[in-house]
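**Student:** Take this structure, written in structure tokens, and hold onto it; I'll ask about it next.
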Amino acid sequence: SAGNLQNFRFFTNGFSTETKGFDIVATYPVEWGSAGDTVFSLAYNNTDTEVVSVIDNTQVGDTRIQEYEEGLPETRYNVAANHNVNDWRFLARASYYDDWFDSEVGNTYSGKTLVDLEVAYSFSDALTFVVGAQNAFDETPDENPGAAAGVGNRYSQFSPFGFNGAYYYLRVRYDVL
């Protein structure tokens, strides 16, 4: 009954945001004759979100506003080259993530570039061996300055590219024809 109600929660549109941005996606294939062919690609994104108004009686503080405006990287892009020659395939990709804000610890972390590399060899139409590395140079976010004081998170858990560092792999692909 209503007499037993101690608290309740409801949602409201307590603020308005405005988001502006653009994306660019491009590919450019190049044929090198007997040296194979390469596809160059670019994916670029720039997005800016701004809190433009807040209803007076809502409890939207400065940290929450900063979280909406800076919690995700404003700029992200990756540039890649995928080269095929005979039975070989080579991939190199650089991905950049701009800085971001972590509201739990109140820090802004700097942007980083990660590099992925992959080499594949096809023994036949059905059998391919692949060796690669995601985040090949073991890039991690800036360390959380409060971690040593007992907060516990060595890196921001909101990192747009994770915090596990490099990942190396060997993959065998077999297609049943």
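**Student:** Positive end of the dipole of the chain, charges at C-beta (+1 Lys, Arg; -1 Asp, Glu), about the Cα centre: which of T75, W88, G61 has its Cα farthest in that direction?
**Tutor:** Checked the options; the winner is W88.
**Student:** Same structure, new question: Within the accessible area of the chain, what % is carbon and sulfur when the probe is 1.4 Å and the other protein chains stay in place?
**Tutor:** Taking all protein chains in place, the chain shows 50 percent carbon and sulfur surface.
**Student:** List the trypsin sites (Lys or Arg not before Pro) in the stretch 1-96 that DSSP assigns to loop (not H, G, I, E or B) and whose Cβ has at most 13 other Cβ atoms within 10 Å. Which are they?
**Tutor:** Passing both the DSSP loop test and the Cβ count: R9.
**Student:** About the Cα centre of the chain, how large is the charge dipole given +1 on each Lys and Arg Cβ and -1 on each Asp and Glu Cβ? Please answer in debye to the nearest 20.
**Tutor:** Here the size comes out at about 500 debye.
**Student:** Now for a different question. At 1.4 Å probe radius, can you tell me the per residue accessible area of the chain in Å²?
**Tutor:** 69
**Student:** I would also like to ask the following. For the stretch 25-32, in order, what is each residue's ³J(HN,Hα) by Karplus, 6.51 cos²θ - 1.76 cosθ + 1.60 with θ = phi - 60°, in whole Hz (x at glycine and Pro)?
**Tutor:** Per-residue couplings from phi come out as 10, 9, 10, 9, x, 10, 9, 10 Hz.
**Student:** On to the next question. Considering the dipole of the chain built from charges on the beta carbon (Lys and Arg +1, Asp and Glu -1) around the Cα centre, which of G152, V172, P29 is farthest to its positive end?
**Tutor:** Final value for the positive-end residue is V172.
**Student:** Determine Rg/Rh for the stretch 34-177; Rg is computed over alpha-carbon atoms and Rh is the Kirkwood hydrodynamic estimate from the same atoms.
**Tutor:** We get a ratio of 1.14 for the stretch 34-177.
**Student:** Next question, about the same structure. What chymotrypsin sites (Phe, Trp or Tyr not before Pro) does the stretch 1-82 have in DSSP loop regions with at most 15 other beta carbons within 10 Å?
**Tutor:** Listed in order of number, the matching sites are F8, F10, F11, W32.
The values are calculated or read from the model by the stated rules, or taken from the named source; none is laboratory data. Fair warning: this is a prediction, and the values are worked out from it, not measured in the lab. Using ideal geometry, Cβ is built from the backbone for each residue, glycine included, and neighbour counts are taken over all protein chains shown. Quick note on the areas: whole protein, heavy atoms, side chains included, nothing else; ligands and nucleic acids left out. Shrake-Rupley method; radii C 1.70, N 1.55, O 1.52, S 1.80 Å.
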